[in-house]
Amino acid sequence: MPTQDPIYYIEKVEIEEDAESVDYDEVKFDDDVSDSEAEEDLETALRSMQQNLQSEGLHEAVEIPKATVTRRPEVVDDFIRNFLIRYKMTRTLDAFQREWYELQTRGGLENPELVPDCYVQNEELENRVKFLQREIEKMGRSVGKAGTQYIKMKKERDYHRMHHRRIVQEKEKLFTDIRRLKKHYQSYEPALEELKNKYETAMREKMLTKIECEKNISKISNLTTTLSNYETARATANDVTLSQMKELELDEIVQNAEEPKKVFVHPKDSAIPLEPGVNPDLNSSLAVTCHLTKPGGYHQQHSFKAHDLAISNMALHPLRDVIATVSDDTTWKMWSVPDGELLLTGRGHTMWIGGCDFHPQGTKLATGSGDTSVKVWDFSEGECVSTFNDHSHPVWGVAWHHSGNFLASCSMDNSSKLFDVVSERCRCTFRGHSDSVNSLTFLPYSNILCTCSADKTISMWDIRTGLCAQTFYGHVNAINNVEFNTQGTAIASCDAYGIVKIWDVRQVVEIETYDFEPHPANSVKFDTSGACLAVASNDGSVKMLEIEKNKVTELTGHEDGVQGALFNRNGEMLISASSDTTVKIWS
């Protein structure tokens, strides 16, 4: 067994400063040692020793002892020095060291005392306490910062949660609108199909008419040639000159002109009143609506669903608390107010119904529809008694004359018509607007008809002559509705951009303008006193305008555009109808 080389350990030895009687041996420096060997450190030497042992087959682990630090008790002078250095008392330190070394030189200090352990431990504990206090302060700042961050994140969470809920509500509303629009679109499909068939039929009739016209023109040309030849032969046979023939023709024209022209008069035509009637509602015009007298104005009292699709218009019964509503679902219905009880339902139109109006005696109802027809319904017979198909485009509105014998209508064909319900024929057509006529109304108990149009004008017509008596200019958008006050001295109008104007009928001037833009104003209605104006807005609200105070209040509650608003006879109730298919009672 080979002998093992002895193992050497390198140990660090401290030399105390106060060891004065120590003999030092001189170490000779070998000039032959290279620089690389001088720079070899302890780790490299140990690594080389390990490699040598492994190469010789010695696999026993060599445990390298760890260096131990022996804590030596601190003497008093070092303790004082450290204390002064810690608090940067440099002048006191210099004085202390000077006196200490003088005393030590004189031999006055033989055995310097050590600092008791309790002081050292107290100092260590004090340092530990300070360190822990700093850590506590640091942790406190971290906790405060974390608390602030938590509160901030909590607020952000609440904001995002609220935003999410609002988005969900908007999404549900959009889904509801989409479903409603789908139903609305489905209701239009049969009408579109019918219009398509009518268009194709009209085109075929047009082609047949054109062919027939060309045939008639050819026949007329042949007959003209034959007649010319016949007259030439006749003139030659009788020796009649051309000048004599002209004189005969001139005599015949003069004779025809002297004969009175006969005007066709239907035997059942009603006579148009020559003088205006007496307005019995002037007495009720003194009663002020309760919206102006009641604290807080109108409040919603009752609401009910009237139709399956959007409500387009409504009318108030002249004698009872009953209203009629018309809708895009092609039906009209009668309701008692304020309880909302259904009294009657009418069906007969094939497309949406745009307007309705009660007969002055309350026994009939007139409706105008998108199928271009105007119908008169008799409540006693429970059916349609008259139908007028004179318009070529959809009908927007109807209005009864105070006599009850005449019915006016306005249409998208740019015209208004006056029908005689007795003879059941059109008595007059009012042409003058250059765009769709959207609304019409009679001046109370007179022969003056007022119309408003998408051409931005308001016209007043005399139904006795069929001529336009006056035109009002001032709107810059299509006018949706026009209405007289009870006295007949003022007109209110509203347009598609929410502008409402009040006009003086006698002076033909604009009195006031009110701006409710950008939402369209669909209709306007005066109360019986003429001091308050209700404006049905497309933003789902009814604007209550106090004219004298120039004050506006809103009645909100509908979920879609309000199409009509009207007061009852004594002004105690306001009734509104909306595209959300509901009718609301305010009192």
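The values are calculated or read from the model by the stated rules, or taken from the named source; none is laboratory data. Fair warning: this is a prediction, and the values are worked out from it, not measured in the lab. Because the Cβ atoms are built from the backbone with ideal geometry, glycine has one as well, and the counts that use them run over all protein chains shown. For accessibility, only protein heavy atoms count, side chains too; no ligands or nucleic acids. Shrake-Rupley method; radii C 1.70, N 1.55, O 1.52, S 1.80 Å.
Tyr445 - would you say it is aromatic (Phe, Trp, Tyr) and more than 37 Å from the chain's Cα centre (by Cα)?
Here the answer is yes, as Tyr445 does meet what is asked.
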Quiz item: Within the stretch 108-122, is even one residue more than 60 Å from the chain's Cα centre (by Cα), modelled with pLDDT of 75 or more and assigned to a helix (DSSP H, G or I)?
Solution: yes
Exercise. Say whether the condition of being crowded, with 20+ Cβ neighbours inside 10 Å and of a type in the set (Asp, Glu) is met by at least one residue in the stretch 501-509.
Key: no
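Could you list, in sequence order, the residues of the stretch 491-512 that are over 25 Å from His558 (Cβ atoms) and either touching a helix residue (DSSP H, G or I) at 6+ places or on another chain (Cβ under 9 Å) or assigned to a strand (DSSP E or B) (or both)?
Ile491, Trp503, Asp504, Val509, Glu510, Ile511, Glu512
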Practice problem: List the number of the failed condition for Thr367; all other conditions in (1) surrounded by fewer than 17 Cβ atoms within 10 Å (Cβ to Cβ); (2) β-branched (Val, Ile, Thr); (3) assigned to a strand (DSSP E or B) hold. | Solution: (1)
Quiz item: Is it fair to say Thr350 is touching a residue at least 24 places away in the same chain (Cβ under 8 Å), open to solvent by 50 Å² or more (accessible area, probe 1.4 Å) and among the β-branched types (Val, Ile, Thr)?
Solution: yes
Quiz item: Among the listed residues Glu172, Glu231, Glu205, which satisfies the condition of being under 25 Å from Thr581 (Cα atoms) and surrounded by 10 or more Cβ atoms within 10 Å (Cβ to Cβ)?
Solution: Glu172
Quiz item: (1) without any contact (Cβ under 8 Å) to a residue 60 or more places away in the chain; (2) of a type outside the set (D, E, K, R); (3) more than 23 Å from Arg506 (Cβ to Cβ); (4) surrounded by fewer than 19 Cβ atoms within 10 Å (Cβ to Cβ): which one isn't true of Val437, the others all being true?
Solution: (4)
Practice problem: Being closer than 14 Å to Thr387 by Cβ and in contact with a Lys or Arg (Cβ under 8 Å, 6 or more places away or on another chain) is the filter here, so list the residues in the stretch 401-416 that pass it. | Solution: Ser409
Practice problem: Would you mind telling me which numbered condition in (1) in a strand (DSSP E or B); (2) over 19 Å from Val562 (Cα atoms); (3) open to solvent by 40 Å² or more (accessible area, probe 1.4 Å); (4) polar (S, T, N, Q) Asn480 fails? | Solution: (2)
Quiz item: Would you pick out the residues in the stretch 504-534 that are closer than 16 Å to Ser579 by Cβ and not polar (S, T, N, Q)?
Solution: His519, Pro520, Ala521
Quiz item: In the stretch 422-450, how many residues are among the aliphatic types (A, V, I, L, M) and within 17 Å of Thr372 (Cα to Cα)?
Solution: 2
Quiz item: Out of all the residues in the stretch 387-416, which are outside any loop (DSSP other than H, G, I, E, B), among the polar types (S, T, N, Q) and open to solvent by 10 Å² or more (accessible area, probe 1.4 Å)?
Solution: Thr387
Quiz item: Got at least one residue in the stretch 463-472 being within 19 Å of Lys525 (Cα to Cα) and of a type in the set (S, T, N, Q)?
Solution: no
Quiz prompt | Those residues of the stretch 566-587 which are open to solvent by less than 10 Å² (accessible area, probe 1.4 Å), of a type in the set (A, V, I, L, M) and within 15 Å of Val524 (Cβ to Cβ), in sequence order | solution = Leu574, Ile575, Ala577
Exercise. Could you please give the count of residues in the stretch 440-475 that are in contact (Cβ under 8 Å) with a residue 40 or more places away in the chain, over 12 Å from Val508 (Cβ atoms) and part of a strand (DSSP E or B)?
Key: 8
